[in-house]
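Here's the structure, in C-alpha cells; my notes come after.
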Amino acid sequence: MIKILIQIFLFYILYRIIKEMLFGDEKPKKKIFREKEPEAEAFTPKEPPRAREELVQDPECGVYVPKNSSISSGGDYFCSPECLEA
C-alpha cells in the first residue's frame, strides 16, 4: 500500500516538472495578497434627494400630514376639508 502511494506521489512530481518545462509560466499565479484596486466611483443617485417636508399633526384626527399639502386655518393644519369642518 505504501509503495503505491509513493509511486503516485513520484508520478505527480514528475508530471509537475514536465508540465513546467513544456508550458512554462503561461498562467499568472494566484497572488496571496490582493493589489490595491482602484476605488469605485462614488455612488451618485439618478435623482437628487427630495428635501424632507415638515410634518404637522391634524388636531382633529391626529394624523401627520406634510405641511405643504395640508389645509391651514387659524394657525392649525388639517389633513382634509372634512377635518377642517368638524
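How charged is the neighbourhood of Tyr77? Take every other residue with its Cβ under 11 Å from the Cβ of Tyr77, and add Lys/Arg as +1 and Asp/Glu as -1.
-3
Arrange the peptides 72-83, 6-17 so that the one whose residues have, on average, the most other Cβ atoms within 10 Å appears first.
The most tightly packed comes first, giving 72-83, 6-17.
Just so you know, all these numbers are worked out from the coordinates, no wet-lab data involved. The model shown is predicted, which means the values in this text are computed figures rather than measured ones. A quick note on method: Cβ atoms are made from the backbone with ideal geometry, for glycine too, and the neighbour counts reach across all protein chains shown.
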